[in-house]
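The values are calculated or read from the model by the stated rules, or taken from the named source; none is laboratory data. The structure presented is a predicted model; accordingly, all values stated were derived computationally and were not measured. With ideal geometry, Cβ positions are generated from the backbone for all residues, glycine too; neighbour counts draw on all protein chains shown. For accessibility, only protein heavy atoms count, side chains too; no ligands or nucleic acids. Shrake-Rupley method; radii C 1.70, N 1.55, O 1.52, S 1.80 Å.
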Amino acid sequence: MSMTRETDVVGVLMHDHREVEQMFTELEGLSAGDTERRRELTEKVITELVRHSVAEEAYLYPAVRDLIPGGDALADRELAEHAEAEETMKELERTDVSEARHEILMNRLIAEVRAHVQEEENMLFPKLRESTDESRLAELGHKIQAIKKIAPTHPHPSAPDTPPGNMMMGPLAGLVDRMRDALTGRGGA
């Protein structure tokens, strides 16, 4: 794979997908008594999924609308899937890992995310590659990487998920989330 393909928007997002899938696989293999590791992985999964979603909402889906024929409907469906997963993540944050409900919610999140990833990788990403050139894909990849550094780390289901609202609220929510994480020690802060 060329360096451009690894750092273009599709490569960056697929890398994220693989990382989250590794965490899901580890979560599925944990024993019921390993609550500390379950808590750590739950926090990490939520953080990574929120950052990934914010980046897609800021740059990927607007590009899908602009570049892919029928992109509005495709982007709207992806945003609806994000909203569903975000609600599940918010519920997970409110549920202790020792509660039976936690496993139910985590299994729901895993199923939602896996279906979403499959749809993106099998339908959306190939259409995006067909509809634009390598330089635009690379530009989007760099933007995705940059916004993930300042993106929120907790789900905010009521926050805007389309421009311009998400571009204004995302970094502010990210700052608040990172301050909260530092105070609570979440994510090794």
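Compactness ratio for segment 28-152: Cα radius of gyration over 2.2 N^0.38 Å (N = residue count) comes to 1.19. Annotation for residue 28 and residue 40: the two label points, set 7 Å from Cα along the Cα-Cβ direction, are 2.2 nm apart. For segment 40-132, the solvent-accessible area with a 1.4 angstrom probe is 44 square angstrom per residue.
Just to be sure I understand: if I project the alpha-carbon convex hull of segment 87-156 onto a plane and average over all orientations, what area do I get in nm²?
Details: hull surface 23.6 nm².
Computed as one quarter of the Cα hull surface, the answer is 5.9 nm².
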